[in-house]
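Each reported figure results from applying straightforward, stated rules to the coordinates on display, with no laboratory input. Note that the coordinates shown come from a computational prediction; the quantities given were computed from them, not determined experimentally. When we count neighbours, we look across all protein chains shown, and the Cβ atoms used for this are built from the backbone with ideal geometry, even at glycine.
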Amino acid sequence: MTALLEVQGISKRFGGLLAVGDVSFNLMEGEILGLIGPNGAGKTTLFNLVNGVYKSDTGSIIFSSKNITRSSPDQVVHLGLARTHQIVRPLNGMSVLENVTVGACFGREYQSRRTARITALEVLERVGLASRANSPASSLTLAGKKRLEVARALAARPKLLLLDEVLAGLNPTEIAQMIDLVRSIRDSGVSVFMIEHVMQAIMNLSDRIVVLNLGRKIAEAPPREVVQNPDVIVAYLGSPDILDKLRGSA
Amino acid sequence: MILRRPLLWLILLLAALFAWLPLHGNNVSLREDLILVALAIILTSNLNLMIGYTGYVNFGHIVFYGLGGYVGVYLMTVRGWHLVPSAVTAGFAVSLMALLFGLGILRLRGAYFALATIGVLVAVQSFVSNFEPWGRSTGMYVSFESYAPLGGPRHALWTTYFLIVAVMALSLILSLGIKASKFGLGLFAIREDEDAAIVLGVNATIYKAIIYSVSAFLPAVAGTLMFFKNGTIDPSIAFEFMLSLEGIVMLMLGGQGTVAGSALGGGLYERLRSYLLTSPRLSEFHLVIAGALLLLVIRLAPGGLIGWLYRLVPRSREVIE
Amino acid sequence: MSGIFASMIDGLLIGSVYGLAAMGLSLIWGVMDVINLTHGAMIALGMFGMYLLFNATAINAYLLLAPMIAGGLILGVIIYWLAVNWVVDRPILMSLLSTFAVNMMVIGIGTAIWSTSPYNVDFSVPGITVGEYTFTGNHMFAALSAVLIALLLEMFLRRTRTGKAIRAVADNRDAAELMGISSTRVLMVAFAIGIALAVASGALVSTLFPFTILSGAGYQLKSFVVTVLAGLGKPFGALVAGVLLGLLEGAVSPFIAISWIPLIEFGLFVLVLIVFPRGIFSRATA
């Protein structure tokens with residue numbers, strides 16, 4: 001397997017606060033890489049660095065053999081790296097279909113509006129939103145909006161999809177559906193890099209897991225090893241029950 | 001296909017009516033009324049590209065019209081150019097300037113951008129008021145010889161009128177074309193959430209600068225035509241802040257973001273204003289009425305007349321864009 | 001040399017009035033994220049209010065500031081309920097347009113009553129002559145009043161319960177509401193104070209120069225410049241920036257034609273907006 005994403009020593013400082021410090025890891029083609037860590041560990045900041053919302057103070061990011069360290073988010077999408085937001089951001093004044101059409105139009109293939117519409121309909125079918133295609137995006141439930149986020153990103157035909165807490169706030173049925181969706185995405189050949197707080201889910205889904213604490217990487221290993229890593233246990237001890245959760249699910 | 005869209009045919013019909021009605025019976029006063037309506041529609045529909053499509057409030061939209069007028073009148077009177085090349089050159093010159101300005105001020109978002117557009121308007125007006133080649137605060141007159149190539153003043157006024165009507169139709173068709181295009185989709189995405197749009201792959205910086213520049217072109221052409229027709233241009237009429245603001249009222253009245261709304265709002269408001277200004281009892285209150293109207297529209301029907309129609313007849317959305 | 005010095009002092013005095021006007025704009029902007037486009041109309045009403053009140057009472061114009069401010073507060077409450085309360089938290093276009101609509105109505109009514117011809121308040125305080133230059137008493141009194149009002153506002157914001165609530169809401173409205181502060185009441189009070197400051201500055205300007213109903217627009221634009229220079233929601237910074245703008249005007253006016261000044265001011269304004277989108281005096285935060 002070759003590395004699709006190579007992150008080498010990136011950091012981000014906001015004023016005096018080190019949000020991400022000297023983080024390195026590789027993401028292999030076809031894998032689901034999990035990213036976990038206590039609140040404030042810098043997970044979303046790391047995502048923002050990878051897709052170019054923030055520019056890293058140090059290091060380099062190579063995606064699909066291209067250096068994207070200084071690229072802007074829109075350039076990164078054209079190369080095939082799409083993402084979802086932790087706090088859903090539908091384009092509220094537009095329909096569900098239009099939202100996803102935007103993703104396809106400005107994605108990796110830079111499709112024409114007509115082709116993008118067809119792509120969007122396919123993707124909506126796949127994420128189970130086809131029946132809502134013409135509803136306003138603002139009318140969706142939270143679970144629907146999370147699916148919309150995923151659909152928009154998928155419509156860009158990415159090679160790598162960054163998922164930022166797509167399970168948060170969903171009920172158990174919705175979580176199960178979303179897990180199936182993530183698996184099917186990976187099975188269709190798209191690599192996945194996901195932040196998740198729902199431990200059971202991420203332990204089951206991920207091939208490997210990167211653990212951040214206070215902006216630094218403290219572990220990178222398959223789920224089974226991560227739960228036994230003493231550093232990880234210490235980092236999570238702030239919330240005592242997490243240990244059992246980790247053990248129970250792995 | 002744009003040819004399959006009903007609104008295109010309505011626009012062409014509107015333009016044909018505008019051209020035919022005053023010509024029929026040589027009705028000059030009707031022509032003078034309609035030219036103002038056409039101008040209102042030109043300004044409103046191009047302003048709509050910024051406010052309605054992209055979500056950026058441009059308070060200084062009139063600056064394009066005024067500068068277009070200056071460049072065109074200058075080319076005609078000082079350089080002796082023909083009307084049409086002057087107007088087109090004015091359009092390109094002002095668009096280019098807008099592109100350069102746009103790359104600077106479009107780094108600003110929301111209210112900051114809106115304020116910067118006021119700054120641009122006042123700064124440009126002040127510059128022109130001091131600019132010697134353009135006659136400083138007294139402005140310029142269109143020389144009598146400029147009418148000659150168009151067959152004398154009487155003929156020239158009709159020609160100018162038809163050109164204005166053509167620019168009106170082009171403005172609406174441009175709005176229609178952009179709305180259905182990929183470019184338009186990107187603009188709407190920026191309007192809804194610029195950061196999300198960027199993450200979806202829209203190059204917001206370039207898109208915004210381009211639409212700012214595009215929205216300058218036809219108003220600048222119209223500026224040359226109108227000030228040629230008026231025979232004179234000076235900084236206070238070319239850069240009238242109130243007209244810039246009334247353009248926003250027209251757009252809100254008709255329905256921002258829609259092609260039909262910009263035409264409807266422009267047309268209706270311009271007729272209302274003309275009626276109020278000529279009415280002996282109400283002329284003093286035209287601003288009061290306009291203000292009250294604006295307040296009512298944004299309070300009761302923020303989508304304007306077209307937005308109201310959409311709510312009443314949801315299917316109308318597919319025909320009236 | 002003494003020419004430019006005198007001109008700068010004059011600019012400094014007028015600048016404090018610009019600053020006072022801008023404080024009103026800045027307070028409203030900072031607290032409720034509304035750009036108050038009635039600002040210019042309120043300045044104009046301040047001018048005509050002073051004109052009417054002075055002609056009716058014929059007492060020292062600077063004493064009339066107290067009833068003018070009281071009137072401004074009432075006017076502010078009325079406008080808040082008419083056009084502002086329902087646009088707070090709506091898209092910026094809505095608040096711009098609703099306040100602009102009120103502006104049009106006020107200017108329209110004002111034009112119907114007073115036309116657009118110039119008026120002036122016929123009141124003057126004896127000045128002080130230093131060497132060849134006379135500093136007019138009105139300029140000094142206007143500046144003094146402006147600074148006094150600014151200090152009172154600053155004290156109100158720092159010392160009183162309501163003032164602290166306003167600052168809390170400006171800082172973080174959601175958090176303030178969680179602490180039990182009624183944000184609607186606070187917003188209304190802040191808006192009313194902002195309007196009262198505009199009215200007061202208009203009243204002060206009316207003792208310096210002749211004015212028309214349209215004069216407020218120019219001061220509104222200057223207030224934008226000053227507010228942006230100072231950074232949003234920093235009322236006291238606005239006063240300082242106003243004085244600086246006045247100084248700048250005073251410093252350049254002996255050397256260039258007066259008609260170039262708007263170009264310099266607004267060129268500077270646009271430049272500052274682009275280079276320091278958060279204001280010169282505020283430090284960038286992540």
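Of note:
- Gyration tensor (alpha-carbon) shape descriptor, segment C:2-275, a/c threshold 1.5: prolate
- Gaussian network model of chain C, Cα within-10 Å springs - most flexible of C:VAL275, C:VAL147, C:VAL199: C:VAL275
- The value of relative contact order for chain B, using C-alpha pairs under 8 Å at least six residues apart, is 32 percent.
- Across segment B:304-318, computed HN-Hα scalar couplings (Karplus, 6.51 cos²θ - 1.76 cosθ + 1.60, θ = phi - 60°) run x, 4, 5, x, 5, 4, 4, 6, 5, 10, x, 5, 4, 3, 6 Hz from first to last residue, x flagging Gly and Pro.
- Within chain A: Cβ-based charge dipole about Cα centre, in debye rounded to nearest 20 (Lys, Arg +1; Asp, Glu -1): 660 debye
- Each Lys and Arg Cβ is given +1 and each Asp and Glu Cβ -1; about its Cα centre, segment A:125-201 then shows a dipole of about 280 debye.
- Cα shape, segment B:97-236, gyration tensor, a/c 1.5 rule: oblate
- Once you reduce segment A:156-211 and segment B:70-145 to the center of their Cα atoms, the two points are 54 Å from each other.
- Cα centroid of segment C:232-265 to Cα centroid of segment B:171-196, whole Å: 39 Å
- Over 31 Å (Cα to Cα) - which of A:LYS55/A:LYS159; A:LYS43/A:LYS145; A:LYS145/B:LYS182; A:LYS145/C:LYS164 fall in this group: A:LYS145/C:LYS164
- In this structure, the amide hydrogen of A:ARG216, modeled 1.01 Å from its nitrogen in the peptide plane, lies closer than 5 angstrom to those of A:GLY21, counting only residues at least 5 positions away or on a different chain.
- Burial ranking of peptide ranges C:152-160, C:107-115, C:203-211 (average Cβ count within 10 Å, highest at the top): C:203-211, C:107-115, C:152-160
- Relative intensity, log₁₀ I(q)/I(0), of segment C:1-91 from a Debye sum that treats every alpha carbon as a point, q = 0.13, 0.14, 0.24 Å⁻¹: -0.59, -0.67, -1.24
- Derived scalar couplings ³J(HN,Hα) [segment C:246-251; Karplus, 6.51 cos²θ - 1.76 cosθ + 1.60; whole Hz; x for Gly, Pro]: x, 4, 4, 4, x, 6
- Reachable aspartates and glutamates from C:LYS234, criterion Cα separation under 16 angstrom, eight or more residues apart if same chain: C:ASP33, C:GLU154, C:ASP171
- Calculated FRET efficiency for the pair A:GLU125/B:ALA16, C-beta based, R₀ 41 Å, to 0.05: 0.35
- Per-residue HN-Hα couplings for segment B:187-200 [Karplus 6.51, -1.76, 1.60; θ = phi - 60°; Hz; x = Gly/Pro]: 5, 4, 5, 4, 4, 6, 6, 4, 5, 5, 4, 5, 5, 7
- Three-way shape label, segment C:1-159, alpha-carbon gyration tensor, a/c 1.5: prolate
- 51 Å tail of the calculated P(r), the protein assembly as shown, as % of Cα pairs: 25 percent
- For B:LYS179, the lysines whose Cα falls under 23 Å of its own Cα, not counting residues fewer than eight places away in the same chain, are B:LYS208.
- Across chain C, the mean sequence separation of Cα contacts (distance under 8 Å, 6 or more residues apart), normalised by length, yields a relative contact order of 42 percent.
- Net charge dipole, chain B: roughly 540 debye, given to the nearest 20, about the Cα centre with Cβ charges of +1 for Lys and Arg and -1 for Asp and Glu.
- Virtual paramagnetic centre 7 Å along Cα→Cβ of C:ALA58, amide N under 15 Å, in segment C:104-130: C:122-124
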